[in-house]
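Accompanying notes for the structure given below.
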Amino acid sequence: MNLTHNVKTHVLTARVLILGLLAVMFLIPWRHAYGADMVKVGLLQEPKTLNIWLASDRWSRKVLGQIYQPLYIRDPKTLKFIPWLAQEHPVYDEATLSYTVKIRPAKWSDGSDLTSEDVAFTGRLIKEFRVPRYASKWKFIKKIETPDRHTVRFYLKTPKAIFLTRTLTTPIVQKREWTEVIEAAKKTEKPLHALLNHKMDRPVSSGPFVLKDWKQGAYLFLQKNRYFFGQDKTIDNRKLGPHIGGIIFKIFGTSDAAIMALKKGGIDMFWWAIQPGYLEDLRKHENIRVFYNEKSALYYMGFNVRRPPFNDVNLRRAIATLIDKDFILKRILQGYGIKMYSIVPPGNHFWYCPNLPRYGEGLPKEARIRRAYEILRKTGYTWQVPPIDTEGKIVKAKDIRLPDGRPMKRFTILTPPADYDPNRAMCGMIIQEWLRAMGMPAFSKPMAFGSLIQQVKTRRDFDAFILGYGNLSLDPDYLRNFFHSRNDKPKGWNMSGYKNPEFDRIADLSAGTMDRDKRRALIWQMQKIIMNDVPYIPLYNPKLVEAVRSDRFTGWVEMLGGIGNIWSFCRLRPR
């Protein structure tokens, strides 16, 4: 045993020394080769592509977000849209169902002007090729006009609320750069395939940075774009830079290596969520600052409401009452999260409805059981041994029976495996125990993530599941997608099979409501309907914990979704 212990100790020591050596090795060359005003950012993985139309992985989007820019972005505090490449807010003409957008004076990184032709070209490309990631945001555009070099006019086939929130936030590409690419793609048998697989080596940038160098498997270097339209300008009452020479994205592969580099000064930021196990050590470091921000995320339990027993809303409400979200937050998330009561995260302030049912909120375990028991007893459920005995004491229930007298059959709660997401796997196990205490034959079953999605979304052969969305759009149109009856189809977004004609009516109305306040009232109604019917039980939203060096740069901007945003990289300054 001593020999084994010594070997383990030496191996661990060697790992620490190697990681420390690597961190120091990474630190020295960057400062000498690129200058001390370069922000060094650690990534876990390398971007898969710099083709904006193909890029779906988060690592590609982190890099491309500094290069390709949209017409409008969100204010970091209010989350309202503000003009970015646009000069001012869009002007709506109800008679022609059109929006006119003025483009601010801006240049591409090659020195050429960014004009309305680039904007129109972007939209037409998406529509013609039906680019998967963007097509749904442009398919309702009837035509695009460019009255002059700084004006673009969009004509809609029908009112669509996501035009303002999704269409106008599409990254704009340069017409000159992409014209030859799309002409060549059109001549192939599969034009979309050719477009998506076109290799981009040096994307022309309208953003604060431009790609200068990419060493595969090692790093990417984005240099300050001297033509960036926001340089030294005040937008949204914020003075912009960039005030740094560029960004070096270093690829690490593991959190261990990246956090070691952060502690040694080899990187200035680790652009990934920090797990709780690292925090105690990081908080002790005098030159490291830890940020805690909310995410636009949802982790939830879903039911198959197409078949018994979960087609009964009373059973779903009882289960929602039994789930102790405080326990999940404190014991499973270790305090790094918030409880969820709606499908819309509370950090999305404008759209979040605060007045929703909070099943079992604030109740101790026994009170939860009593309330759930009353819900079920009154609607015809019986037990061989009920959870409350004749003396009114809580006991372990046995053999619950449905209102028709049949025994409740064994059912399964599918979860991702612990090595993919330990929090969701643990939630499945603890919910299983809470339900068994009520006599329900619940069994939690971890399943490989891809297989779980196939089982739930494609085959639709399941009882219940625990899944999550780690990056929800700030536009809550996903409510319509998740629960509209027409999306109850194989591979459709309505995974629970939920059907409610009143919800469908309001959802369709919200999709075409252009007035923001009127649309919010409809979105609030949709949240109330869903939380009354509970096809999903929102569980939690994990806190996004991020860490940076505090001794070299200042100016990180916090917002929903963390500090890794365009505002931060436009406002960072060397200390």
Specify the residue that is nearest to the chain's Cα centre (by Cα); the eligible residues are those in the stretch 400-411 that are within 18 Å of Gln432 (Cα to Cα) and surrounded by 14 or more Cβ atoms within 10 Å (Cβ to Cβ).
Phe411
What number goes with the only condition from (1) over 26 Å from the mean Cα position of the chain (by Cα); (2) closer than 30 Å to Asp475 by Cβ that Arg166 does not pass?
(1)
Quick one: which strands (runs of 3 or more DSSP E) lie wholly within the stretch 380-438 and hold at least 1 residues that are under 27 Å from Pro542 (Cα atoms), in contact with a Pro (Cβ under 9 Å, 6 or more places away or on another chain) and of a type in the set (Val, Ile, Thr)?
411-415
What number of residues within the stretch 125-145 satisfy the criterion of being in contact (Cβ under 8 Å) with a residue 60 or more places away in the chain and touching a Lys or Arg at 6+ places or on another chain (Cβ under 7 Å)?
0
Just a yes or no: is a residue in the stretch 471-481 under 15 Å from Phe303 (Cα atoms), in a helix (DSSP H, G or I), basic (Lys, Arg) and touching a residue at least 24 places away in the same chain (Cβ under 8 Å)?
no
Among Ile529, Ile537, the single one that is surrounded by fewer than 19 Cβ atoms within 10 Å (Cβ to Cβ) and either touching a Leu at 6+ places or on another chain (Cβ under 9 Å) or of a type in the set (A, V, I, L, M) (or both) is Ile529
Take residues that are over 24 Å from Asp463 (Cα atoms) and under 20 Å from the mean Cα position of the chain (by Cα) and tell me which of the helices (runs of 4 or more DSSP H) falling wholly in the stretch 499-575 contain 3 or more.
566-571
Flag for Gly65 being touching a strand residue (DSSP E or B) at 6+ places or on another chain (Cβ under 8 Å), of a type outside the set (Lys, Arg), on the phi < 0 side of the Ramachandran plot and modelled with pLDDT of 95 or more
no
Being polar (S, T, N, Q), surrounded by 19 or more Cβ atoms within 10 Å (Cβ to Cβ) and not assigned by TED's automatic domain parsing to the domain that holds Val548 is the requirement here; does Thr158 meet it?
no
For the stretch 285-298, does any single residue satisfy the condition of being of a type outside the set (A, V, I, L, M, F, W, C), in contact with a helix residue (DSSP H, G or I) (Cβ under 8 Å, 6 or more places away or on another chain) and more than 24 Å from Ala425 (Cα to Cα)?
yes
Residue, surrounded by the most Cβ atoms within 10 Å (Cβ to Cβ), within the stretch 74-101, restricted to residues that are in a strand (DSSP E or B) and among the hydroxyl-bearing types (Ser, Thr, Tyr)
Tyr99
Scan of the stretch 558-575 for residues that are surrounded by fewer than 19 Cβ atoms within 10 Å (Cβ to Cβ), more than 15 Å from Trp272 (Cα to Cα) and out of contact with any Gly (no Cβ under 8 Å at 6 or more places or on another chain), ordered by number
Pro574, Arg575
Every listed condition ((1) in the same structural domain as Leu240 (by TED's automatic domain parsing); (2) polar (S, T, N, Q); (3) in contact with a Pro (Cβ under 7 Å, 6 or more places away or on another chain)) holds for Ser568 save (3)
State whether one or more residues within the stretch 303-313 are over 27 Å from the mean Cα position of the chain (by Cα), in a loop (DSSP other than H, G, I, E, B) and among the basic types (Lys, Arg).
yes
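Anything in the stretch 281-336 that is small (Gly, Ala, Ser) and either touching a strand residue (DSSP E or B) at 6+ places or on another chain (Cβ under 9 Å) or free of Cβ contacts under 8 Å to residues at least 40 places away in the same chain (or both)? List them, or say none.
Ser296, Ala297, Gly302, Ala320, Gly335
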Picking from Ser496, Ser510, which residue would you name as being closer than 24 Å to Phe465 by Cα, surrounded by 18 or more Cβ atoms within 10 Å (Cβ to Cβ) and of a type in the set (S, T, N, Q)?
Ser496
By residue number, the members of the stretch 231-275 that are under 30 Å from Pro105 (Cα atoms), in contact with a strand residue (DSSP E or B) (Cβ under 6 Å, 6 or more places away or on another chain) and in a strand (DSSP E or B) are Gly246, Ile247, Ile248, Phe249
Of the conditions (1) surrounded by fewer than 16 Cβ atoms within 10 Å (Cβ to Cβ); (2) in a helix (DSSP H, G or I), Pro490 satisfies every one except a single condition; which number is it?
(2)
Residue by residue through the stretch 472-506, note down the ones that are more than 26 Å from Gly561 (Cα to Cα) and either in contact with a Cys (Cβ under 7 Å, 6 or more places away or on another chain) or among the aliphatic types (A, V, I, L, M) (or both).
Ile506
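Hey, could you check the stretch 255-308 for residues that are acidic (Asp, Glu) and surrounded by fewer than 19 Cβ atoms within 10 Å (Cβ to Cβ) and say which is farthest from Glu46 (Cα to Cα)?
Among those that are acidic (Asp, Glu) and surrounded by fewer than 19 Cβ atoms within 10 Å (Cβ to Cβ), it is Glu286.
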If we keep just the residues of the stretch 206-236 that are of a type in the set (A, V, I, L, M) and touching a residue at least 40 places away in the same chain (Cβ under 8 Å), which is farthest from Val41 (Cα to Cα)?
Ile235
Would you point out the residue of the stretch 178-217, among those that are in a helix (DSSP H, G or I) and of a type in the set (Gly, Ala, Ser), that is farthest from the chain's Cα centre (by Cα)?
Ala184
In the stretch 109-124, what count of residues is obtained for those that are within 17 Å of Leu195 (Cα to Cα), over 26 Å from the mean Cα position of the chain (by Cα) and touching a residue at least 40 places away in the same chain (Cβ under 8 Å)?
1
For the stretch 315-342, enumerate the residues that are buried (at least 18 other Cβ atoms within 10 Å of the Cβ) and part of a helix (DSSP H, G or I).
Leu315, Arg316, Arg317, Ala318, Ile319, Ala320, Thr321, Leu322, Lys325, Ile328, Leu329, Ile332
Identify, please: which residue in the stretch 412-435 is touching a strand residue (DSSP E or B) at 6+ places or on another chain (Cβ under 6 Å) and of a type outside the set (A, V, I, L, M) and is, among those, surrounded by the most Cβ atoms within 10 Å (Cβ to Cβ)?
Thr415
Restricting attention to the stretch 436-448, which residues are under 23 Å from Asp326 (Cβ atoms) and surrounded by 20 or more Cβ atoms within 10 Å (Cβ to Cβ)?
Met438, Met440, Ala442, Ser444
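The values are calculated or read from the model by the stated rules, or taken from the named source; none is laboratory data. Here the structure is a predicted model, which is why all the values come from computation and not from measurement. Note that we place each Cβ from the backbone using ideal geometry, even for glycine, and neighbour counts take in every protein chain shown.
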